[in-house]
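What follows is a single structure, written as structure tokens, with notes after it.
The values are calculated or read from the model by the stated rules, or taken from the named source; none is laboratory data. Source: prediction; values computed, not measured. Every residue, glycine as well, gets a Cβ built from its backbone with ideal geometry; the counts of neighbours run over all protein chains shown. Remember, those area values only see protein heavy atoms, side chains included, never the ligands or the DNA or RNA. Shrake-Rupley method; radii C 1.70, N 1.55, O 1.52, S 1.80 Å.
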Amino acid sequence: MPTIHQLFTQHIEQLQHRVADVLERENLEALIIHSGYPLRTFLDDQHYPFKTNPHFKHWLPLTAHPHCWLVVDGHTKPTLIYHQPSDYWHKAAGDPEGFWVDSFNIKLMANPQDIEPFLPSNRNRCAYIGEHPELAEALAIGERNPESTLSYLHYYRAYKTDYEIECIGEANRRAVKAHLVAKDLFFAGASEFEINLAYLSSLGKSEHSLPHSNIIALNENAATLHYTALSAKKLAEQQHYSLLIDAGAEYRGYAADITRTYAYRKGLFAELVAEMDKLQLALIADLKPGHPYTDLHLKAHRQLAKLLVDFEFVYCSAAAAVEKGITRCFFPHGLGHHLGLQVHDVGGFMLNEDGEVQAAPSHDPFLRCTRIIEPRHVLTIEPGLYFIESLLSELAESEHTRLINWSRVDEMRRFGGIRIEDNVVVTAQACNNLTREQNWK
């Protein structure tokens, strides 16, 4: 079993190969990658929560270190300009330490304004990669976020190294533990706000350190796909129907993104949750290299249509439910997305390293991946079944209203909806489910 030091060394070697290739293609000397800096709120001395440039944390497990810079040329040891201020207002960065330090030539910088002497003298032949191109212009860095360079880097970022897969796996382990805490609190009658606090406590993290804001939705709130209101109101026991929790964790800059739905008591909704779980696992079993992700998304709609027929939500055939767009009223989002340094990781629409893309189809505008599935891709699979008021109203006013069993639909509105989401790594044969590998109760 390789050590974390060995995995990271191999990871850096792979990134070096990519940089050497893209620099030769673009006739550049080096990439200058900026971690970024906190942005101040308007008319205040407070700052928004800092989020590290994903290109920076691709190289380094430093997610809370603003004003740092990385210079890479694909051949020599990368240079890290490490910001270490003398600051009595805030907790200052400690000395660089850990498994990663041997891979970098580290230079300490006390003041962000002193960066210029640390950068290459031939900056006009370099490319800046970061959020603040105006700073790069002031520093006379030749190119700022050149599209062709970013396209190359984004395309290959979909192929995760063993180090990255290990990090995403550990993020899943931590997230699963917190999910189980949340599940127990739901059945104990806790509010959304209380469940969220317990989730954060299990991780030992603040909400700003999560890869995305937690979605913790009781009852009809689950019909809002990105619900983050987190009500502190405790419901009476007879008013507890369902919980949808979409929450993750971050480890060394890599994300987990997991969703589960629970029924408070037995009944039709509980049966639907169980069937959606089976449907999701069947889709994962079909996640194989060489096939377009769009094909799996279409299969999800066909499987959902069968479920709608079996549970008597529709009066038409499964094929007709897909053809007429009825399933898209119950499942309006994409099947999943690439996962890694970002929850919705880059490269999902890319056809090649030159930046050609395949856009989402017009009838599925929210699909986040159209790419051919390949080994080392890490993806989420998250089919859904929702009872969303606005979409149901449109369906009721359409020509297809007679095909809907509205009494059955109305029975489900109070539950909001169902989403089951796992994180999977594609292999040459099929895939490894990083989420289900954990000890779910």
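Please determine whether any residue of segment 392-401 is over 20 Å from Tyr315 (Cα atoms), of a type in the set (Ser, Thr, Tyr) and open to solvent by 40 Å² or more (accessible area, probe 1.4 Å).
Going residue by residue through segment 392-401, those that are over 20 Å from Tyr315 (Cα atoms) are none.
No, there is no match, as no residue in segment 392-401 is over 20 Å from Tyr315 (Cα atoms), of a type in the set (Ser, Thr, Tyr) and open to solvent by 40 Å² or more (accessible area, probe 1.4 Å).
Find all pairs meeting these conditions: Cβ atoms under 6 angstrom apart; at least six residues apart or on different chains; first residue within segment 148-165 and within 20 Å of Phe349 (Cβ to Cβ) and touching a residue at least 60 places away in the same chain (Cβ under 8 Å); second residue aromatic (Phe, Trp, Tyr) and in a loop (DSSP other than H, G, I, E, B).
Short answer, once both residue conditions are applied: none.
When the residues of segment 32-65 are filtered to those that are under 22 Å from the mean Cα position of the chain (by Cα) and polar (S, T, N, Q), which remaining residue is most open to solvent (accessible area, probe 1.4 Å)?
Thr63
Which ones in segment 183-200 are under 20 Å from the mean Cα position of the chain (by Cα) and either surrounded by fewer than 22 Cβ atoms within 10 Å (Cβ to Cβ) or outside any helix (DSSP H, G or I) (or both)? Quick ask: steps written out before the conclusion?
Initial filter on segment 183-200 (under 20 Å from the mean Cα position of the chain (by Cα)): 196, 199-200.
Of everything in segment 183-200, just one residue is under 20 Å from the mean Cα position of the chain (by Cα) and either surrounded by fewer than 22 Cβ atoms within 10 Å (Cβ to Cβ) or outside any helix (DSSP H, G or I) (or both), namely Leu200.
Condition (residue is small (Gly, Ala, Ser), surrounded by fewer than 18 Cβ atoms within 10 Å (Cβ to Cβ) and on the phi > 0 side of the Ramachandran plot) applied to segment 134-146: is it met by at least one residue?
yes
So, of the residues in segment 316-346 that are open to solvent by 10 Å² or more (accessible area, probe 1.4 Å) and among the polar types (S, T, N, Q), which turns out to be farthest from Phe387 (Cα to Cα)?
Here the residue is Gln342.
Could you tell me whether Lys51 is free of Cβ contacts under 8 Å to residues at least 40 places away in the same chain and of a type in the set (Lys, Arg)?
On the way: free of Cβ contacts under 8 Å to residues at least 40 places away in the same chain: yes; of a type in the set (Lys, Arg): yes.
Yes, satisfied.
Out of segment 125-140, which residues are in contact with a strand residue (DSSP E or B) (Cβ under 9 Å, 6 or more places away or on another chain) and touching a residue at least 12 places away in the same chain (Cβ under 8 Å)?
Arg125, Cys126, Ala127, Tyr128, Ile129, Gly130, Glu131, His132, Pro133, Leu135, Ala136, Leu139
Yes or no, residue by residue, for (1) free of Cβ contacts under 8 Å to residues at least 60 places away in the same chain; (2) among the small types (Gly, Ala, Ser); (3) open to solvent by less than 10 Å² (accessible area, probe 1.4 Å):
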residue: Gln238; (1), (2), (3): yes, no, no
residue: Ala256; (1), (2), (3): no, yes, yes
residue: Phe269; (1), (2), (3): no, no, yes
residue: Glu275; (1), (2), (3): yes, no, no
residue: His291; (1), (2), (3): no, no, no
residue: Ala300; (1), (2), (3): no, yes, yes
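Check Glu394 against each of (1) in a loop (DSSP other than H, G, I, E, B); (2) closer than 18 Å to Leu308 by Cβ; (3) charged (D, E, K, R) and name the one condition it does not meet.
All conditions are met except number (1).
Looking only at segment 352-391, count how many residues are open to solvent by less than 80 Å² (accessible area, probe 1.4 Å), in a loop (DSSP other than H, G, I, E, B) and of a type in the set (S, T, N, Q).
Summing the residues that are open to solvent by less than 80 Å² (accessible area, probe 1.4 Å), in a loop (DSSP other than H, G, I, E, B) and of a type in the set (S, T, N, Q) in segment 352-391 gives 2.
Could you give every pair whose Cβ atoms fall below 9 Å, whose first residue belongs to segment 73-89 and is at positive phi, and whose second residue is open to solvent by 40 Å² or more (accessible area, probe 1.4 Å), counting only separations of at least 6 or pairs across chains?
From residues that are at positive phi, the pairs are Gly74/His17; Gly74/Asp21; Gly74/Glu24.
How many of the residues making up segment 111-124 are part of a loop (DSSP other than H, G, I, E, B), free of Cβ contacts under 8 Å to residues at least 60 places away in the same chain and either closer than 20 Å to Leu23 by Cβ or touching a strand residue (DSSP E or B) at 6+ places or on another chain (Cβ under 8 Å) (or both)? Please lay out each step first, then the result.
Applying the first criterion (part of a loop (DSSP other than H, G, I, E, B)) to segment 111-124 yields 111, 115, 119-122.
If we keep only those that are free of Cβ contacts under 8 Å to residues at least 60 places away in the same chain as well, we get 111, 115, 121.
From the residues that got through so far, the ones that are either closer than 20 Å to Leu23 by Cβ or touching a strand residue (DSSP E or B) at 6+ places or on another chain (Cβ under 8 Å) (or both) too are 115, 121.
The total comes to 2.
Within segment 402-426, restricting attention to residues that are within 21 Å of Tyr227 (Cβ to Cβ), among the aliphatic types (A, V, I, L, M) and over 21 Å from the mean Cα position of the chain (by Cα), which residue is surrounded by the most Cβ atoms within 10 Å (Cβ to Cβ)?
Met412
Of the residues Phe42, Phe50, which single one is under 19 Å from Met109 (Cβ atoms) and among the hydrophobic types (A, V, I, L, M, F, W, C)? Working first, answer last.
Details: Phe42 fails: under 19 Å from Met109 (Cβ atoms).
Phe50 is the lone residue from the list that is under 19 Å from Met109 (Cβ atoms) and among the hydrophobic types (A, V, I, L, M, F, W, C).
Within segment 1-16, which residues are within 23 Å of Ile33 (Cα to Cα), in contact (Cβ under 8 Å) with a residue 24 or more places away in the chain, out of contact with any Phe, Trp or Tyr (no Cβ under 8 Å at 6 or more places or on another chain) and surrounded by fewer than 19 Cβ atoms within 10 Å (Cβ to Cβ)?
So in segment 1-16, the residues within 23 Å of Ile33 (Cα to Cα) come out as 5, 7-16.
Still in the running and in contact (Cβ under 8 Å) with a residue 24 or more places away in the chain: 5, 7-12, 14-16.
Filter once more, keeping what is out of contact with any Phe, Trp or Tyr (no Cβ under 8 Å at 6 or more places or on another chain): 9, 14, 16.
Thr9, Gln14, listed by residue number.
Checking Ile215 against (1) surrounded by fewer than 19 Cβ atoms within 10 Å (Cβ to Cβ); (2) touching a residue at least 12 places away in the same chain (Cβ under 8 Å), which test does it fail?
(1)
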